Amino acid sequence: MMHRLLSDRSGVAAAEFAMSLPFLVLLYLGGYQLSDAISAYRKVAVTTRTVADLTSQYTSVSDDDVNTILDASTQVLYPYKVSAAKVLVSQIKIDASGNALVDWSFGKNVTKLTSNTAFTLPASIRTPNTFVIVASIDYTYTPLAAYGMLGTIPFKDQIIMGPRASVKVDCRTCN
């Protein structure tokens with residue numbers, strides 16, 4: 001009787017599958033989560049580019065213009081939560097000494113920068129007597145699966161562009 005029991009292999013496949021199932025599920029969820037996080041980061045980068053690109057095409061803007069740009073640009077994030085994105089667009093003036101100062105700034109879900117405060121720019125971009133548009137996003141990605149294990153993942157992106165239609169983008173209604 002014992003010999004028959006030890007030589008019986010009819011349940012081995014089911015037992016092996018049951019032992020490997022947790023690993024396979026974890027592997028599947030991890031792969032899905034990784035690809036979703038990469039997709040979210042790509043959308044954050046494209047949104048940053050969109051904000052800077054649209055703003056740099058104006059010769060002058062008002063509060064309404066910039067708020068429309070920020071609202072429209074964040075639609076690029078869909079299907080990810082717009083409320084998790086802190087979007088900031090600013091024009092930075094580089095004075096004759098190469099010092100970078102905030103000219104004007106607007107934000108969505110974040111406080112805008114104060115005018116005439118110092119701004120850190122790479123030395124290679126600080127050309128005296130010029131202006132640049134800086135768009136940045138801080139996005140908090142929340143995984144769909146395994147949130148308890150991973151927690152949230154912060155994404156940050158920034159892009160710097162020169163105004164394209166004029167030397168600077170005037171802000172008609174800035175305080």
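Just a few scattered comments:
- Residue among Tyr139, Tyr80, Tyr32 with the largest mean-square fluctuation in a Gaussian network model of the chain, springs linking Cα atoms under 10 Å: Tyr32
- Put a plus charge on the Cβ of each Lys and Arg, a minus charge on the Cβ of each Asp and Glu, and nothing anywhere else: the dipole of the range 36-175 about its Cα centre is then about 220 debye.
- Degrees, to the nearest 10: 12-56 long Cα axis against longest axis of the chain: 10
- Computed over the chain, the Cα gyration tensor eigenvalues convert (square root of 5λ each) into semi-axes of 53, 15, 12 Å, ordered from largest to smallest.
- Relative contact order [Cα under 8 Å, 6+ residues apart], the chain, whole percent: 26
- Degrees between helix 63-74 axis and first principal axis of the chain (Cα, 0 to 90, nearest 10): 20
- Computed over the chain, the per-residue total of -39500 (n - 2.57) for DSSP H runs of n ≥ 4 gives a 222 nm mean residue ellipticity of -13000 deg cm²/dmol, rounded to 500.
- Extension gain, Phe17 to Ala96: 0.36 nm times the residue separation minus the Cα-Cα distance gives 21.4 nm.
- Note: relative contact order over the range 49-137, using C-alpha pairs below 8 Å and six or more positions apart, is 31 percent.
- Percent of beta bridges antiparallel (DSSP, the range 12-171, rounded to nearest 5): 95
- Straight-distance candidates among the aspartates and glutamates for linking to Lys93, with alpha-carbon spacing under 12 Å and chain neighbours fewer than 8 residues away dropped: Asp103, Asp170.
- Counting charges near Gln57 (Lys, Arg +1; Asp, Glu -1) among other residues having Cβ under 12 Å from its Cβ returns a value of -1.
- Here Lys43 is the anchor, and the lysines within straight C-alpha reach of less than 19 Å, apart from those fewer than 8 places off in the same chain, are Lys81, Lys86, Lys108, Lys156.
- Scattering from the range 27-76 was approximated by placing one identical point on each alpha carbon and applying the Debye formula without solvent; log10 I(q)/I(0) at 0.16 1/Å stands at -0.54.
A short reminder: the numbers here are calculations on the coordinates, not readings from a lab. Model, not experiment: these values are computed from the prediction. Because the Cβ atoms are built from the backbone with ideal geometry, glycine has one as well, and the counts that use them run over all protein chains shown.
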